[in-house]
Amino acid sequence: MRNPPFRFAIPQSGRLCIFARWKDVKDWNEFRIVLAIGRAGSLVGAARDLGHDHSTIFRWLNALEKRRGVKLFDRTMNRYVPTDAGVQMIMAAERLEAEIMTLDRSIAGQDNRLLGKLKITSSETLAYRILNEVLADFRREHDGIELELLVDNRQLDLLRREADVAIRATRPHEGELFGRKIASTPWTFYGSSTYLAERGRPADIASLSSHVVVGWDSAAVAAASMWLTENISPRAFAYRSSSLVNQLMAVKAGLGLALLPCYLGDPEPDIERVQEPLPELTRELWLITHKDLRNTARVRAFFDHVGGGLLARRALLEGKRGGAPSPDEERHDAARSAG
């Protein structure tokens with residue numbers, strides 16, 4: 001027989017867990033609050049995850065500790081550290097969350113209606129350049145499906161159903177996820193005609209440090225941001241932004257050169273590539289969902305229609321301007337013919 005859906009840990013010391021009796025559990029929100037604080041390590045982080053202000057989380061935690069008669073977190077200068085009782089509750093909350101998410105996906109996976117909400121997550125650049133057009137086509141065919149697009153450069157957790165479908169530049173490694181590869185997306189440097197007329201074109205990667213470069217803000221962890229940090233002199237950066245679309249606007253305004261995905265830069269008539277695409281920054285674009293959801297009517301329709309719409313734009317995504325082969329492909333074909 002499978003394990004019961006709700007179980008609570010009994011510490012090895014023999015002391016009963018603070019939630020040893022089911023009737024003691026009044027509200028799942030008690031677990032959500034403690035779990036969020038435990039994961040974030042702060043009230044501010046927990047408040048952000050739960051969609052409340054930190055003063056509300058503070059009041060809830062104090063009321064919960066008073067009601068239970070036990071301290072759940074030690075307050076240090078920089079962090080909320082769970083006590084033994086707090087660890088017990090966090091562990092129980094994680095099990096509850098996993099069971100609830102499994103049940104949620106299982107129920108959703110039985111939905112054969114082309115109706116309801118579908119939550120999608122993707123990057124800012126894909127939403128700006130391609131997705132709205134593709135999603136508009138999808139809605140013309142499936143007007144009973146309400147689309148919610150979460151534009152976020154972070155990878156939202158499909159296992160916890162932060163989104164139903166992801167369109168993102170990374171291969172799914174979790175065994176519970178199902179994905180379809182759409183394209184390989186190259187990156188290179190772009191500059192405006194005005195900037196290049198004034199400053200000239202960089203001859204190679206090394207000479208980029210003598211130019212003005214548009215970069216990422218200091219908190220960015222994207223591969224492109226790390227590449228810039230490792231290869232470009234800090235003195236070259238005159239402008240930084242956390243938004244790639246804003247970096248594109250900065251290039252168009254003549255502020256400097258920026259490293260952009262080719263599908264973002266190529267369609268712009270007033271900017272141009274100044275280098276060949278960088279092979280080490282090429283990413284794979286995938287359409288991903290949870291295996292429990294892949295056979296629902298909404299997700300199947302989305303994969304078929306939107307997947308097809310993205311594949312129809314594969315030349316743009318892969319930096320093949322005008323549908324022509326990229327310079328790398330031309331060299332490869334020439335070498336193969338010569339062989």
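FYI, it's all coordinate maths here, none of it is from the lab. Everything numeric in this text was worked out from a predicted model, so none of it was measured. No Cβ is skipped: glycine too gets one built from the backbone with ideal geometry, and neighbour counts run over all protein chains shown.
Here the relative contact order of the stretch 187-281, from alpha carbon pairs under 8 Å that lie six or more residues apart, stands at 49 percent.
Computed over every Cα-Cα pair of the stretch 215-270 and binned at 10 Å starting from 0, the pair-distance distribution P(r) comes out as 23, 58, 19, 0 percent. Determine, from the Cβ-Cβ distance of Glu272 and Arg39 and an R0 of 45 Å, the FRET efficiency 1/(1 + (r/R0)^6), rounded to the nearest 0.05. The computed FRET efficiency comes out at 0.50.
Of the GluC sites (Glu not before Pro) found in the stretch 161-266, the ones in coil according to DSSP and having at most 13 other Cβ atoms within 10 Å of their Cβ are Glu174, Glu176.
Among Leu115, Leu131, Leu255, Leu278, the ranking by other beta carbons within 10 Å of each residue's beta carbon, starting with the fewest, stands as Leu115, Leu278, Leu255, Leu131. The calculated FRET efficiency for the pair Asp84 and Phe58, based on their C-beta separation and a Förster distance of 25 Å, comes to about 0.70.
Taking 0.36 nm per residue of sequence separation and removing the Cα-Cα distance, the Ala253/Thr229 pair yields an extension gain of 6.3 nm. For the stretch 187-281, the extents of the C-alpha atoms along the principal axes are 31, 25, 24 Å, listed from largest to smallest. The calculated FRET efficiency for Leu114 paired with Ala238, based on their beta-carbon distance and R0 = 51 Å, is about 0.50.
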